[in-house]
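Peer 1: Starting off with a structure, shown below.
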Amino acid sequence: MTKFAVVTKREKSLAENVVIIALLGLLMSSFIYYFFKQDKQITKVGFDNVASNFASRVTAIRAQWFMDGQPAIVSTKNNVTGVQHIRVNKKGWVDFGGEQLTCANIWQAVMDTELVFMKQPVVVLMLENNLKDRHVVCQYALPSGETFDYQMQTGKVSKVRLTAR
């Protein structure tokens, strides 16, 4: 005689399905919470990197200015046309002085990109600290409040800081 094992197929009850769905929902919501909790930190770290790249490129342009014999326009390579002509001031720092969109032009010349960071527009402000000496500061900001400054007279790029919005 052959013995057959009796297999009973038991369906999950409605209560078990509800518990499983609730646990999955809880795990998903906790993931989303921690992801968005870190979103501001991710943006700040990324914009820190942008400011660091900006400072490095400004310094590289000035170094090229020294190597080329201190001309009024420095030629560098870019991603689109191959050669880019960047105006500098008498001290060799990137400066499109006298133009209406000076700070926007500086960003585009130095970064070789549009005024966008992580699908957010970069807001450009031109601040004049001292009208007599024409001490102009370009401020680059994200809508979320992260900003950094570029001083045309000294080439100094500030660290990223969070401003109240």
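The values are calculated or read from the model by the stated rules, or taken from the named source; none is laboratory data. Remember, predicted model here, so these are calculated numbers, not experimental data. So basically every Cβ, Gly included, is an ideal-geometry build from the backbone, and we count neighbours across all protein chains shown.
Peer 1: Within the stretch 47-77, can you find the residues that are of a type outside the set (V, I, T) and surrounded by 15 or more Cβ atoms within 10 Å (Cβ to Cβ)?
Peer 2: Residues satisfying the conditions are F47, A51, F54, A55, R57, R62, Q64, W65.
Peer 1: When you scan the stretch 91-109, do you find a residue that is crowded, with 18+ Cβ neighbours inside 10 Å, touching a Phe, Trp or Tyr at 6+ places or on another chain (Cβ under 6 Å) and farther than 29 Å from K44 by Cα, even just one?
Peer 2: yes
Peer 1: Follow-up. Taking into account only those residues within the stretch 81-134 that are β-branched (V, I, T) and modelled with pLDDT under 90, which is nearest to the chain's Cα centre (by Cα)?
Peer 2: Per the stated criteria, the residue is T113.
Peer 1: Determine if the stretch 80-91 includes at least one residue that is without any contact (Cβ under 8 Å) to a residue 12 or more places away in the chain, among the charged types (D, E, K, R) and under 20 Å from V137 (Cβ atoms).
Peer 2: Checking the stretch 80-91: at least one residue is without any contact (Cβ under 8 Å) to a residue 12 or more places away in the chain, among the charged types (D, E, K, R) and under 20 Å from V137 (Cβ atoms).
Peer 1: Another question about this same structure. Please specify each residue of the stretch 135-148 satisfying the condition of being modelled with pLDDT under 90, of a type outside the set (V, I, T) and either in contact with an Asp or Glu (Cβ under 6 Å, 6 or more places away or on another chain) or under 18 Å from G97 (Cα atoms) (or both).
Peer 2: Listed by number, the list holds a single entry, H135.
Peer 1: Checking the structure you have, find out if any residue of the stretch 33-45 is farther than 13 Å from Y150 by Cβ, touching an Asp or Glu at 6+ places or on another chain (Cβ under 7 Å) and in a helix (DSSP H, G or I).
Peer 2: Yes, because at least one residue in the stretch 33-45 is farther than 13 Å from Y150 by Cβ, touching an Asp or Glu at 6+ places or on another chain (Cβ under 7 Å) and in a helix (DSSP H, G or I).
Peer 1: Okay, next question. Could you check the stretch 136-165 and list, in sequence order, the residues that are assigned to a strand (DSSP E or B) and either surrounded by fewer than 16 Cβ atoms within 10 Å (Cβ to Cβ) or not aliphatic (A, V, I, L, M) (or both)?
Peer 2: Hits for the stretch 136-165 are C138, Q139, Y140, E146, T147, F148, D149, Y150, Q151, R161, L162.
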